[in-house]
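First comes the structure, then the notes that go with it.
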Amino acid sequence: MTCPKCGDVMAMTRGAHRYLESGLSDVTLLDVEICECACGERAIVVPHRAELHALIGRTIATDTKFLPIRAVLANHWRLA
């Protein structure tokens, strides 16, 4: 992958990534491609992003341990 910041080739490794882009602080992706450049730029390759977001949403909506999160989200949408 080419760095979008400087144009150099980025080094690619695999590892865990705390997926803050999901909007949740406790979602970690395992064994994802992590591209890093010498200039400091970093990119994560997330295949099937739409399906992943649907899975996260279904898990929050149906798993009982996420009841407090559902209450907060419901309240947020009611106030919006």
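Please treat every number below as a calculation from the coordinates, not as lab data. The structure displayed is predicted, hence computed values, not measured ones. Don't worry about glycine lacking a Cβ; one is built from the backbone with ideal geometry, like all the others, and counts go over all protein chains shown.
To one decimal place, what Kirkwood hydrodynamic radius in Å is obtained for the stretch 1-47 from all pairs of distinct Cα atoms?
By the Kirkwood definition, the hydrodynamic radius is 11.2 Å.
Around Met1, under 14 Å between beta carbons, what's the net of Lys plus Arg minus Asp minus Glu among the other residues?
Once positives and negatives cancel, what remains is -1.
Quick check on the stretch 23-65: what does the Kirkwood estimate of hydrodynamic radius come out to from the alpha carbon pairs, in Å?
When all Cα pairs of the stretch 23-65 are included, the Kirkwood radius is 12.4 Å.
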